[in-house]
1. Please compute the Kirkwood hydrodynamic radius over the chain, one decimal place, Å, based on all pairs of different Cα atoms.
2. Taking 0.36 nm per residue of sequence separation and subtracting the Cα-Cα distance, how much length would be gained by fully extending the chain between residue 162 and residue 14, in nm to one decimal?
3. For the residues 162, 155, what sequence is obtained by ranking on other C-beta atoms within 10 Å, fewest first?
4. Would you mind ranking 16, 86 by Cβ crowding within 10 Å, fewest neighbours first?
5. Suppose we keep just the DSSP beta bridges with both residues in region 7-175; what percent of those would be antiparallel, to 5?
Ligand code: ADP
């Protein structure tokens with residue numbers, strides 16, 4: 001039996017407004033917060049998220065969460081049950097780090113599946129401060145979600161902050177159909 005892919009929806013807006021089981025954070029490896037979407041999630045979700053992050057650092061990730069991995073915490077005051085923190089690669093012109101970016105989506109989906117989440121919202125990981133070109137970032141995101149979503153995750157949303165990112169995800173989705 002072939003597995004049906006998840007329904008993928010594009011949303012133009014702020015990921016912290018989403019009502020889903022899991023919101024993915026484009027975190028940095030310290031797990032202690034940062035700018036961009038990371039800052040927005042901690043601000044809106046409140047201190048419980050940082051508290052969980054600190055515990056994870058103490059118990060497992062003293063050297064930081066490795067790039068391409070994902071880990072879950074409470075979602076605090078967000079309209080979600082969990083925040084899944086993943087660390088995207090910094091874009092490089094001398095080294096192909098696409099596998100690491102794909103891994104962020106794969107690992108986040110794996111964690112979501114383990115938690116029993118059925119709906120998940122992703123930002124465009126690495127396409128802000130980490131400099132990944134949005135067209136390529138969108139292609140990797142869409143392809144990986146199609147390939148790697150567990151059957152239990154049926155609702156995947158990409159939440160794009162700006163119009164340009166939204167258009168690039170539209171193109172990537174259309175190309176994959
Ligand atoms: P990274 O360090 O992985 O590049 P950033 O947070 O700088 O992470 O950016 C990742 C993407 O998230 C960028 O496309 C940025 O425009 C977008 N972004 C920033 N804030 C939000 C938000 N509140 N909701 C959704 N996307 C956001």
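1. Values: mean 1/r = 0.0630 Å⁻¹.
Radius from the Kirkwood sum: 15.9 Å.
2. Numbers: separation 148, 0.36 × 148 = 53.28 nm, distance 0.92 nm.
Going from the current span to full extension adds 52.4 nm.
3. Working: 162 13, 155 16.
Starting with the residue having the fewest Cβ neighbours, the order is 162, 155.
4. Values: 16 22, 86 26.
Taking fewest neighbouring Cβ atoms as first place, the list is 16, 86.
5. Working: 5 of 23 bridges.
Approximately 20 percent, going by the DSSP bridge assignments.
FYI, it's all coordinate maths here, none of it is from the lab. Remember, it's a predicted structure, so these values are computed and weren't measured experimentally. Cβ: placed from backbone, ideal geometry, glycine included. Neighbour counts: every protein chain shown.
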